[in-house]
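Student: Just passing along the structure, written as structure tokens.
The values are calculated or read from the model by the stated rules, or taken from the named source; none is laboratory data. This is a predicted model, so every value here is computed, not measured. Ideal geometry is used to build each Cβ from the backbone, glycine not excepted, and the neighbour counts take in all protein chains shown.
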């Protein structure tokens, strides 16, 4: 279970990007986060695995408080949080197998990693997962030879190799064409079910969010203003989430303050 | 009614006209003053021509009689260049990581930059003079000199390449909980490897050239052979050495260019 309480993130001295945000993800649900650019979706996701340092508040994953971890403990916690990126973030010049095994770097020694002496069970697991998403025949291919959809599948398998307790996906389909995008969303939903894994997806495509996820969280300017089943997301709610701009919101805040 | 615009001029390099003309005038005045005050003794130039004529007269035809000495000198230069490149490049890698702003913490970054600036601030000939004083005449001084020279160039260029990497790959490794060195080996080395190989080959070529120069101040190799030949007024042997140096450098430059083009 992921429990976020009173989370604040402020860059520099400006207005906070996340404002006293609360969010709880229970069980193995697929949750999507929607909202216009600048609403803080990406920052929220990156606070969870500490690629971004939260300013204050608490984030608990299965009883472990994440916000104050350092060094070895932080790395151990990150192993349990898989992440899929918009730009895939694969190592282009390495093979698909090396990319997939890089999800295990937190578990194996640096020496074993450099020599590519991966444990047998890791290799077996890699082939199983690659088989599952249809990229096993690319094991020895360099990552930059693959198409966008194939690259994102490598990204998903790399995250799953961590044997995570939760999967974060930061706009996983934004760099893909519509058809591939649907395939990846379907894959994330199916894998979540098969592996009993909660998945948190930032997404711009509302139609895909409605079709592939169990719960939609709507963010606007650092706050959660919608959190329901997809069916409840009607035109009126959409307008509330997407109308205006961060700039207009800032002015609104100023009016409230004065 | 709006005016129609049909003329346009590129904005001048320095927008303030007073400063602009002042800069032009000062620069022009300085060049004129330097030209007028530089002590050029035309008599000595004329004498020099005569002396140069004697040297070149003595140099023709080039003498390859003592080619054994020539080959030994070259082999020594090659050894110096290969060892200095290997040592210099190996030392350059950690220094480059220290001097890359996106991976090193600020104090380490300043230290790395400082090492690079130190290695770059003196010409190899000056470094060679220091090392010849320190460890004595011979190839060892030459090798040390070229190690310093290699660090100055390779570490600087490699640090710049590290600063240009796609940081998303580093983020992916961090997100997976990878330790620091594993992250470097998986997310950074693959990205900088082509540049690393290219720089090494270029530096080998460059060190071979420089080893001829530092030899003249006593740091071994073909440069020492050349300096000795000049000292004994063996101008014909000196010319032979010079011809071979030019030939070898042409070949090595062509080869290194070809290899670097292939791996780019």
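Student: For residue B:172, all conditions in the list (1) away from every other protein chain (no Cβ under 14 Å); (2) closer than 30 Å to residue B:102 by Cβ; (3) crowded, with 20+ Cβ neighbours inside 10 Å hold save one; what is the number of the exception?
Tutor: Exception for residue B:172: condition (1).
Student: Which of the following residues is within 30 Å of residue A:221 (Cβ to Cβ), free of Cβ contacts under 8 Å to residues at least 40 places away in the same chain and in contact with a helix residue (DSSP H, G or I) (Cβ under 8 Å, 6 or more places away or on another chain): A:105, A:69?
Tutor: A:69
Student: Which residues, counting only those in the stretch A:104-134, are outside any helix (DSSP H, G or I), over 15 Å from residue A:191 (Cα atoms) and more than 14 Å from every other protein chain (Cβ to nearest Cβ)?
Tutor: Passing the criteria: only A:119.
Student: Please find, among A:187, A:160, A:167, A:197, the residue that is in a loop (DSSP other than H, G, I, E, B), in contact with a helix residue (DSSP H, G or I) (Cβ under 8 Å, 6 or more places away or on another chain) and modelled with pLDDT of 90 or more.
Tutor: None of the others qualify; the one that does is A:197.
To keep it simple, each residue is scored yes or no on (1) away from chain B (no Cβ under 14 Å); (2) outside any loop (DSSP other than H, G, I, E, B); (3) closer than 15 Å to residue A:218 by Cα.
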{"residue": "A:12", "(1), (2), (3)": "yes, no, no"}
{"residue": "A:39", "(1), (2), (3)": "yes, no, yes"}
{"residue": "A:42", "(1), (2), (3)": "no, yes, yes"}
{"residue": "A:54", "(1), (2), (3)": "yes, no, no"}
{"residue": "A:58", "(1), (2), (3)": "yes, yes, no"}
{"residue": "A:74", "(1), (2), (3)": "no, yes, no"}
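Student: Could you check the stretch A:139-162 and list, in sequence order, the residues that are within 13 Å of chain B (Cβ to nearest Cβ) and free of Cβ contacts under 8 Å to residues at least 24 places away in the same chain?
Tutor: Result: no residue meets the conditions.
Student: If a residue has to be surrounded by fewer than 20 Cβ atoms within 10 Å (Cβ to Cβ) and either over 16 Å from residue A:90 (Cβ atoms) or within 14 Å of chain B (Cβ to nearest Cβ) (or both) to count, how many in the stretch A:172-186 make the cut?
Tutor: Total satisfying the criteria: 8.
Let's see how each residue does on (1) more than 9 Å from chain A (Cβ to nearest Cβ); (2) crowded, with 21+ Cβ neighbours inside 10 Å; (3) modelled with pLDDT of 95 or more:
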site: B:139; (1), (2), (3): yes, no, no
site: B:142; (1), (2), (3): yes, yes, no
site: B:145; (1), (2), (3): yes, yes, no
site: B:166; (1), (2), (3): no, no, no
site: B:178; (1), (2), (3): no, yes, no
site: B:181; (1), (2), (3): no, no, no
site: B:187; (1), (2), (3): no, yes, no
site: B:190; (1), (2), (3): no, no, no
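Student: Taking only the stretch A:16-68 into account, find how many residues are at positive phi and loosely packed, with under 15 Cβ neighbours inside 10 Å.
Tutor: The number of residues fulfilling the criteria is 4.
Student: Considering the stretch A:76-89 alone, what residues qualify as being at negative phi, part of a loop (DSSP other than H, G, I, E, B) and at the interface with chain B (Cβ under 7 Å from one of its Cβ atoms)?
Tutor: A:85, A:87
Student: So in the stretch B:102-112, with the set limited to residues that are touching a residue at least 40 places away in the same chain (Cβ under 8 Å) and surrounded by 14 or more Cβ atoms within 10 Å (Cβ to Cβ), which one is nearest to the chain's Cα centre (by Cα)?
Tutor: B:112
Student: If residue B:119 satisfies all but one of (1) in a helix (DSSP H, G or I); (2) touching a helix residue (DSSP H, G or I) at 6+ places or on another chain (Cβ under 6 Å); (3) free of Cβ contacts under 8 Å to residues at least 40 places away in the same chain; (4) farther than 30 Å from residue B:191 by Cβ, what's the number of the condition it fails?
Tutor: Every listed condition holds for residue B:119 apart from (4).
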